[in-house]
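See structure below.
The values are calculated or read from the model by the stated rules, or taken from the named source; none is laboratory data. Note that the structure is a prediction, hence the values are computed from the model and not measured. Backbone-built Cβ (ideal geometry, glycine too); neighbour counts: all protein chains shown.
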Amino acid sequence: MKKSLRFGAVALAATATLTLASCGFGGSTGDSGGDAGGSTTLDLLVPSYSDGTKANWETVIEGFEKANPDIKVKLEVQSWDNLEKVVSTKIQAGEAPDIYNGGPFAGFVGDELLYPVKDVVSDDVYSDFQESFLKNAEVDGTAYALPLIASARALFVNNALLDQAGVEAPTNWDELLDAATKVSALGGGVAGYGMPLGSEEAQAEAAVWLWGGGGSFGDASEITIDTPENLVGAEQIKKMIDAGATQADPGSTQRSPLMDIFIQGKIGMQVGLPPTVGQIAEGNPDLDYSIVPIPTKDGSPFTLGVMDQLMAFQNDDDKKDAITKFFDYYYSADVYVPWVQAEGFLPVTKSGAEQLSGEEALKPFLDVLPDAQFYPSTNPKWSAADGAFKSLFGQLQDQPAADVLKQIQAQVDAG
C-alpha cells in the first residue's frame, strides 16, 4: 500500500535531495572582530543537510540580525565529508568558529575549548530541551553541546519491487537476505538492498548491522569495535554482498546518491532518515513505498538514533553575550520549528515536539525512537572511531570482516 506522506510546502522545497557538496560562505556577513560601530561578528560553521540548508540558515540569520542590529553572523556551510577537516584546520590555526554545528565533540571538551551550555543559553531555553537529549550531550555530568536535531533510521521499502519478487517487508536478517536476493534477481539494474559503505556515513551503516546483531561501539569510557558481537554484523554484511543482494561496489558507495537511486525506483530496500520522505515527495511522488523498522538478527526492535549539536568555542569572552542571544533566538519555537520542518528532522525541544506532534510524516520515526541507540559521542576517542569507520569500513567488500574490525580498532587505539 502506498504511503501518502507530506511535510508541507516548506519541507518539500527544502529537502529535494541530500547533496552534500560544499557551499562555501553565504548568508549575512560582517567583518570578523566587529567594525567601527562596535558590532560583534559571530562565525557560524555548519554542515549541509539538504539543498536548502544554506537558505534555511540565512533566513534565521536575517531575522536575528534584524532583532540584534549590533551583531553580525558570518555563515560557512561545508559538506559532511569536509566538515571535521575544516574545523580541525581552523582550530589549529587559532580560528575556531564561535558557533559550530557538528557531531563528535568530547575531544573539544578535553582540550577545554567549549563553553558549558548553561553559560551560553538562558534558563528558559535550557529547560525546554528534552532531558534525554541533553544527557547525551554531557561529559562528566556537564552538557557542553546543545542538542540541535534528532533523527532515527528506518527501512524504506519499494512495495512494487517486493511485490514483483514475491516477498514481503523483512523483520530479521534471514528474511532481509532472502528478499533482497530475490529483488536483485529481477534484473534491469535493480538492487535488492542499498548498502552504502563509502566514507560519507559508513559509521551509520556499520551501526545498523553491528548493533543489529547484538554488538555496540562502546560507551563513554571505552570504544569497542573488534569484538565477537560486532563480528556477527560485519560478517552478515559480507554475506549480503557475496549473495548479490546489494548494489554493485558497496564499499565505495555513498549514502546520498544511493538514496537518489532508491527514489528513482531502482532499489528494493534502503535505510533512510526522516528527510527521505520529503526527498521522495519532491523527486518521485508516485513511488509506492512503505517505512518499516530496521530488520535485526532476531527481529528485536532497534534504530540508530542520531543527535547533532550546536556548540560554542571559547574564543573571546566578549562574544559570550552575543552567542547567548543567538542561541535564545534560534531555539524560540517560531524560529526553530520551521527550521526543523524544513530539514525534515525531529525536534529536540519540548515546545518543538508539541508543535510537530501531528505531523504524519514523522510518525514512523517517532514510533521507533524509544528503541534508539546512540553513538558513544561523549567518549574522547569517538571522533577517531568515526573517522576510522569512514576510511576503513568499506574494505569489508574485499577483506575478511575480522581484519577490517581489527584495523578500525587499531586506528582508534592509536588516537
> What tally of residues in segment 77-91 results from selecting those that are farther than 24 Å from residue 217 by Cα, modelled with pLDDT under 95 and either part of a helix (DSSP H, G or I) or not assigned by TED's automatic domain parsing to the domain that holds residue 46 (or both)?
Replying inline: 0
> Could you say whether any residue in segment 341-355 is outside the structural domain of residue 97 (by TED's automatic domain parsing), touching a strand residue (DSSP E or B) at 6+ places or on another chain (Cβ under 8 Å) and hydroxyl-bearing (Ser, Thr, Tyr)?
Replying inline: no
> Looking only at segment 66-105, which residues are more than 24 Å from the chain's Cα centre (by Cα), under 23 Å from residue 120 (Cα atoms) and surrounded by fewer than 20 Cβ atoms within 10 Å (Cβ to Cβ)?
Replying inline: 66, 67, 68, 69, 70, 94, 95
> What residue, of 303, 246, 296, is surrounded by 18 or more Cβ atoms within 10 Å (Cβ to Cβ) and touching a Lys or Arg at 6+ places or on another chain (Cβ under 6 Å)?
Replying inline: 303
> Exactly one of (1) more than 18 Å from the chain's Cα centre (by Cα); (2) free of Cβ contacts under 8 Å to residues at least 60 places away in the same chain is unmet by residue 360. Its number?
Replying inline: (2)
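Matching residues to (1) among the small types (Gly, Ala, Ser); (2) over 24 Å from residue 271 (Cα atoms); (3) not in a loop (DSSP other than H, G, I, E, B):
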site: 305; (1), (2), (3): yes, no, yes
site: 315; (1), (2), (3): no, yes, no
site: 325; (1), (2), (3): no, yes, yes
site: 354; (1), (2), (3): no, yes, yes
site: 383; (1), (2), (3): yes, no, yes
site: 389; (1), (2), (3): no, no, yes
site: 409; (1), (2), (3): no, yes, yes
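Got at least one residue in segment 262-274 being within 23 Å of the chain's Cα centre (by Cα), surrounded by fewer than 19 Cβ atoms within 10 Å (Cβ to Cβ), modelled with pLDDT of 95 or more and more than 18 Å from residue 150 (Cα to Cα)?
yes
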>> Suppose the filter is farther than 25 Å from residue 136 by Cβ, modelled with pLDDT of 90 or more and either surrounded by 19 or more Cβ atoms within 10 Å (Cβ to Cβ) or hydroxyl-bearing (Ser, Thr, Tyr) (or both); does residue 322 pass it?
In response: yes
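Residues in segment 244-272 that are assigned to a strand (DSSP E or B) and of a type in the set (Ser, Thr, Tyr): how many?
To start, the set of residues in segment 244-272 that are assigned to a strand (DSSP E or B) comprises 246, 267-272.
Imposing the further condition that a residue be of a type in the set (Ser, Thr, Tyr) reduces the set to 246.
Of the residues in segment 244-272, 1 are assigned to a strand (DSSP E or B) and of a type in the set (Ser, Thr, Tyr).
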> What are the residues in segment 223-282 that are over 30 Å from residue 380 (Cβ atoms) and acidic (Asp, Glu), if any?
Replying inline: 242, 249, 260, 282
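What do you reckon, is residue 412 buried (at least 16 other Cβ atoms within 10 Å of the Cβ) and over 17 Å from residue 205 (Cα atoms)? Can you show your working first?
Values: buried (at least 16 other Cβ atoms within 10 Å of the Cβ): yes; over 17 Å from residue 205 (Cα atoms): yes.
The answer is yes for residue 412.
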> Looking at this structure, is residue 213 of a type outside the set (Ser, Thr, Tyr), within 17 Å of residue 391 (Cβ to Cβ) and surrounded by fewer than 24 Cβ atoms within 10 Å (Cβ to Cβ)?
Replying inline: no
> Taking segment 359-385 as the search range and keeping residues that are of a type in the set (D, E, K, R) and under 22 Å from residue 218 (Cβ atoms), which one is modelled with the highest pLDDT?
Replying inline: 381
>> I'd like the full set of residues that are in contact with a helix residue (DSSP H, G or I) (Cβ under 6 Å, 6 or more places away or on another chain) and hydroxyl-bearing (Ser, Thr, Tyr), limited to segment 356-405.
In response: 378, 383
> Somewhere in segment 164-182, is a residue out of contact with any helix residue (DSSP H, G or I) (no Cβ under 6 Å at 6 or more places or on another chain), of a type outside the set (Gly, Ala, Ser) and in a strand (DSSP E or B)?
Replying inline: yes
> What do you reckon, is residue 111 among the acidic types (Asp, Glu) and closer than 24 Å to residue 332 by Cβ?
Replying inline: no
